[in-house]
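Comments concern the structure below.
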Amino acid sequence: MENRSPISALDDRFQQLLLRISSAAADRRHEELVSLFCREARQAFDVDGVYLWRLNERGELLALQGDGRMAEEFRSRRLRLEDSAIASTAVCSRQTIYVNDIDQGRYPMAAEFGARSMMATPLLAGGEP
């Protein structure tokens with residue numbers, strides 16, 4: 001019997017997620033693909049929610065899609081890059097940000113959503129988020 005590390009198992013789940021997303025990309029419209037990504041990522045990583053923001057031309061993050069806890073409430077949100085939010089920090093730093101034991105006073109939207117841990121990763125295209 002093969003004894004695999006948790007990291008190796010997570011990597012396999014991530015690779016399977018990427019395969020499902022890429023095969024679906026050929027068959028679906030943009031909105032359906034984004035929804036599929038959020039749903040599949042939430043299930044693959046066994047988290048309460050996955051949410052996707054879009055950076056507009058005015059430097060605001062607009063809620064694009066979400067799956068999981070409070071996804072409906074998320075879809076009406078907007079953040080300025082100067083707002084105290086983990087997503088805006090990730091976009092500005094162009095780095096993945098992971099926070100455990102979130103400071104509810106520092107991150108008001110995270111507090112509103114009842115988040116205890118968060119990870120935000122910017123998608124960069126041509127070096128821009």
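So if each residue of separation counts as 0.36 nm, and I subtract the Cα-Cα distance between residue 81 and residue 62, what length gain in nm does that give?
That pair, residue 81 and residue 62, stretches by 5.8 nm at full extension.
At a temperature of 20 °C and a viscosity of 1.002 mPa s, determine how fast the range 53-129 diffuses translationally according to Stokes-Einstein, using the Kirkwood radius over alpha-carbon pairs as Rh; express D in µm²/s, rounded to the nearest whole number.
Rounded, D is 167 µm²/s.
Read-outs: derived from the displayed coordinates by stated rules, not from any lab. These numbers were taken from a predicted model, which means no experiment stands behind them.
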